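First the structure, in the form of structure tokens, and then the observations on it.
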Amino acid sequence: MNRRNIADVFANQRDVEVVGKAGDGEEALRLVSMLKPDVITLDLEMPKMDGFTFLRILMSKQPTPVIVVSSYAQKENVFKALELGALDFVTKPDQRIPEDAYELKEQILAKVLMVRSLRSTFVAPPSRRSMLSGNFATDPRDSAPAIRAYVAPRYLVAIGSSTGGPSALLEVFSKVPQNTTCAIVVAQHMPDKFTRTFAERLDKRGTVRTREAEDGDKISRGTGFVCPGRQCMEVVSVESELRVKVQAPASGDRYVPSADRLLTTAARAMGSRTVGVVLTGMGDDGLEGARAIRDAGGTVIAESQETAVVYGMPGTVVKAGLASQVLPLPEIAEYVANLST
């Protein structure tokens, strides 16, 4: 039923041709080898060979953009799939896709058409390749010191990202050292039901104490905050303390969560000690925020086309001449890590 409903999404789209349908992972691998599709939609729950096994084999033998279609209840599975190389995901209310789920179908179409924006040859980015080979970062949480009192960060790292961002952010957070003097705030384009789970995943990956932001949270060194989905996050200074301000999007916010709003307010609060990082993603969210950071004397790092899954967001920053440095993802992770030294 789901295969039929997804195929119907593309029935009248001249830009999309459905070249095959598979009922399980084994059949999908055979069809991918024969048909060499430009993009695959994937349900993680399949008989014989599940979606995770399929992704591992696919990305090692024939890397292909994959859009995961998953239910709200499978949040952890979605992030595991992204770490294994899936490009992006859409969410369905339950296991079956209703025929009248028009918004969901529009999302599937948009994600599939987005593949045209990818670099000409799709490869799993370096961070994903290391994950596929089993080189996961060790969990340092047991040895990381708990932050009990507010300590102002030396630098504030404000990150904006979209498609491909979850894996990229995991790479960055995993490299931040235990003695970091920074704090990190993130605007990742993601549905509201997933940002809390994603923040918990970032928290487990590294030493930065990370959570989904709540209005009024104090931004102390060694802490990280992810903007809740369907909300926007700002950085404000209250009585010499940096705090998070979470509120509903304004009419002028073209993207939600808004990287522009986060980066702009970070620059206002921290000035030259702001480091803006614009990672992979479609569109131009982060462009105006990068401009505000440069105007405040801060530093702007844009992900290079070499590793950005979609070069839209960082590409617009580079084209506007606002990037202090253009770096591949592993070097961005090292840059953020070295801010503490």
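The values are calculated or read from the model by the stated rules, or taken from the named source; none is laboratory data. The structure presented is a predicted model; accordingly, all values stated were derived computationally and were not measured. For neighbour counting, all protein chains shown are included, and Cβ atoms are generated from backbone atoms with ideal geometry for every residue, glycine included.
Among the residues of the range 326-335, none qualifies, meaning not one is in contact with a Gly (Cβ under 6 Å, 6 or more places away or on another chain) and of a type outside the set (A, V, I, L, M). In the range 35-52, the residue that is nearest to Asp88 (Cα to Cα) out of those that are hydrophobic (A, V, I, L, M, F, W, C) and in contact with a Gly (Cβ under 8 Å, 6 or more places away or on another chain) is Leu42. Total residues in the range 1-23 satisfying the condition of being among the charged types (D, E, K, R) and either touching a Leu at 6+ places or on another chain (Cβ under 7 Å) or surrounded by 15 or more Cβ atoms within 10 Å (Cβ to Cβ) (or both): the figure is 1. Of the set (1) part of a helix (DSSP H, G or I); (2) of a type in the set (Gly, Ala, Ser); (3) surrounded by fewer than 24 Cβ atoms within 10 Å (Cβ to Cβ), all apply to Ala168 but (3).
When restricted to residues that are modelled with pLDDT of 95 or more and either touching a Pro at 6+ places or on another chain (Cβ under 7 Å) or at positive phi (or both), the range 298-336 contains 6. Filter the range 161-190 down to residues that are touching a Pro at 6+ places or on another chain (Cβ under 8 Å) and hydrophobic (A, V, I, L, M, F, W, C), then give me how many there are. Total meeting the criteria: 5. Scanning the range 232-260 for residues that are more than 19 Å from Leu287 (Cα to Cα) and part of a loop (DSSP other than H, G, I, E, B) gives Glu239, Ser240, Ala248.
For beta carbons closer than 7 Å, sequence separation of 6+ or different chains, a first residue in the range 41-61 that is under 12 Å from Ala81 (Cβ atoms) and a second that is surrounded by 16 or more Cβ atoms within 10 Å (Cβ to Cβ) and among the basic types (Lys, Arg), the qualifying pairs are Phe52/Lys80. Going by the conditions given, is Leu263 under 17 Å from Pro153 (Cβ atoms) and more than 15 Å from the chain's Cα centre (by Cα)? The answer is yes for Leu263. Counting only strands (runs of 3 or more DSSP E) that sit completely within the range 26-116, those holding 3 or more residues that are modelled with pLDDT of 90 or more correspond to 40-42, 66-71. Within the range 300-315, the residues that satisfy the criterion of being more than 15 Å from the chain's Cα centre (by Cα) and either surrounded by fewer than 20 Cβ atoms within 10 Å (Cβ to Cβ) or in a loop (DSSP other than H, G, I, E, B) (or both) are Ser304, Gln305, Glu306. Kindly check whether there is at least one residue in the range 143-152 that is on the phi > 0 side of the Ramachandran plot and either in contact with a Leu (Cβ under 6 Å, 6 or more places away or on another chain) or at pLDDT below 95 (or both). No - not one qualifying residue is present in the range 143-152. Listed conditions (1) within 16 Å of the chain's Cα centre (by Cα); (2) of a type in the set (Ser, Thr, Tyr); (3) within 21 Å of Phe173 (Cβ to Cβ) are all met by Tyr255, apart from (3). Contact map, the range 172-184: first residue not assigned by TED's automatic domain parsing to the domain that holds Ile219, second residue surrounded by 19 or more Cβ atoms within 10 Å (Cβ to Cβ) and aliphatic (A, V, I, L, M), Cβ cut-off under 8 Å, separation 6 or more or different chains; the map is empty.
Is it the case that Arg209 is buried (at least 20 other Cβ atoms within 10 Å of the Cβ), of a type in the set (D, E, K, R), assigned by TED's automatic domain parsing to the domain that holds Thr274 and touching a residue at least 40 places away in the same chain (Cβ under 8 Å)? Here the answer is no, as Arg209 does not meet what is asked. Number of residues in the range 173-222 that are at negative phi and assigned to a loop (DSSP other than H, G, I, E, B) equals 22.
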